[in-house]
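For reference, the structure discussed in these notes is given below.
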Amino acid sequence: MNMRAATWYAIALAIAGNAFAAAVGTAPLVTAITITFLLFAYTYRLKRVAFVGNLLVSTMVALAFVFGGVIAMNIIPTLFVALPAFLANTGRELYKTIDDMAGDKKAGISSLPVKVGAPRTRLIAALFVLATVVYSPVPYLLGIFSVAYLFIVLVADVLFVVSAVAHRRNSLLIKIAMLLVLVAAIAGSVVSF
């Protein structure tokens, strides 16, 4: 697909997505328009801005959960999933920029590792991932999710910690851990013990 076709395809999907959101209600439409605006801002301007692009991608990942809460008219539980999604995905995004560092230099993209170096970027990524671990018991402690959440999220925490100290497969480990956090939230909402 060439760039022109891809652009029209993206515009068509954005229009369709916002139309579906409008059919559900005003709050979902506002959320969808916000996400669409952020996506286009990222694509056309912020993708090349060090760290800001990574934060924006993670914000959009987190907003996917918030959008579900807006549609269900029960946003509070989704916020407790959105925050770890934001933190973990930011770490994952930063690890990926380290892998892309050589290509970014050639393309003139001033990613965080190009600006501050791979070791510092790795440290910042690890801090985001470890912040996810520190945060993980909060929904249980606040009574948002049952103990079933805690059992599953502890497995995710192990994977997060391993990803923070490993020098390979960080992105894959974080993806698996993020999936486990989602499973934990579902189990913690459904299973009441």
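The values are calculated or read from the model by the stated rules, or taken from the named source; none is laboratory data. Predicted model, so just to flag it, every value in this text is computed and none were measured. Every residue, glycine as well, gets a Cβ built from its backbone with ideal geometry; the counts of neighbours run over all protein chains shown. Note: accessible area is taken over every heavy atom of the protein model, side chains too, but ligands, DNA and RNA are not part of it. Shrake-Rupley method; radii C 1.70, N 1.55, O 1.52, S 1.80 Å.
A few comments on the model shown:
- Annotation: lysines with alpha-carbon distance below 19 angstrom to K47 (same-chain offsets under eight excluded): K96, K105, K106, K115.
- The trypsin sites (Lys or Arg not before Pro) of the range 1-96 that meet both conditions, a loop assignment by DSSP and at most 15 other Cβ atoms within 10 Å of the site Cβ, are R45.
- Accessible carbon and sulfur surface of the chain relative to its total accessible area, %, 1.4 Å: 73
- Nearest-10 value in Å² for the accessible area of T26, using the 1.4 Å probe: 110
- Cα centroid of the range 146-193 to Cα centroid of the range 14-54, whole Å: 27
- When Rg and Dmax of the Cα atoms in Å is computed from the coordinates, the matching label among (1) 15.3, 43; (2) 18.0, 54; (3) 15.8, 46 is (2).
- At least 20 Å along the helix axis (C-alpha) and Kyte average at least 1.0, DSSP helices within the chain: 3-24, 26-44, 52-72, 118-135, 147-165, 170-190
- Solvent-accessible area per residue for the range 92-144 (1.4 angstrom probe, square angstrom): 53
- Estimated [θ] at 222 nm from DSSP helical runs (n ≥ 4, -39500 (n - 2.57)) normalised by residues in the chain, nearest 500: -27500 deg cm²/dmol
- Take every pair of alpha-carbon atoms less than 8 Å apart whose residues are at least six positions apart; their mean separation over the length of the chain yields a relative contact order of 17 percent.
- Linear extension gain, D100 paired with A10, 0.36 nm per residue minus alpha-carbon span: 30.0 nm
- Modelled spin labels at R120 and L182, positioned 7 Å past Cα toward Cβ, are 3.4 nm from each other.
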